[in-house]
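Here the structure comes first, spelled out in structure tokens, and everything after it is commentary.
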Amino acid sequence: MKILYFARVRQLVGRGSEEIAVPETVRTVAALADYLAARDAGCAAAFADRRALKAAVDRTHASFETSIEGAGEVAFFPPVTGG
């Protein structure tokens, strides 16, 4: 699965994207965030405050309860505002 990181998440994780083999037990965006957060300090910091984090599954905005089964890409980014 391709994982994309944007803005502050990218800065904390230290990379813009990566390809990973997601364990079968990781079935939702929340479980993926937990899995990634457990890898190192930068990832832990990036995923510490879920209120400051949004996700997209296969380029569609998704909640943390969204299934990632069969997904090819998950992106994490901070909330965006515009005017």
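Yes/no per residue for (1) in contact with a Gly (Cβ under 6 Å, 6 or more places away or on another chain); (2) closer than 14 Å to Lys2 by Cα; (3) of a type in the set (S, T, N, Q):
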{"site": "Ala56", "(1), (2), (3)": "no, yes, no"}
{"site": "Ser63", "(1), (2), (3)": "no, no, yes"}
{"site": "Gly72", "(1), (2), (3)": "no, yes, no"}
{"site": "Pro78", "(1), (2), (3)": "no, no, no"}
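Under the condition of being of a type outside the set (Gly, Ala, Ser), open to solvent by 80 Å² or more (accessible area, probe 1.4 Å) and closer than 19 Å to Pro23 by Cβ, the residues counted in region 38-83 number 3.
Condition (residue is part of a strand (DSSP E or B), free of Cβ contacts under 8 Å to residues at least 24 places away in the same chain and either out of contact with any Ser or Thr (no Cβ under 9 Å at 6 or more places or on another chain) or not charged (D, E, K, R) (or both)) applied to region 68-75: is it met by at least one residue? Checked against the condition, which is being part of a strand (DSSP E or B), free of Cβ contacts under 8 Å to residues at least 24 places away in the same chain and either out of contact with any Ser or Thr (no Cβ under 9 Å at 6 or more places or on another chain) or not charged (D, E, K, R) (or both), region 68-75 yields no hits at all. Do we find that Ala55 is assigned to a helix (DSSP H, G or I) and without any contact (Cβ under 8 Å) to a residue 60 or more places away in the chain in this structure? So Ala55 does not fit the description; no.
The values are calculated or read from the model by the stated rules, or taken from the named source; none is laboratory data. Quick caveat, the model's predicted, so the values are computed rather than measured. Every residue, glycine as well, gets a Cβ built from its backbone with ideal geometry; the counts of neighbours run over all protein chains shown. Ligands, DNA and RNA are stripped out before the accessible areas are found, and what is left, the full protein with its side chains, is counted by its heavy atoms. Shrake-Rupley method; radii C 1.70, N 1.55, O 1.52, S 1.80 Å.
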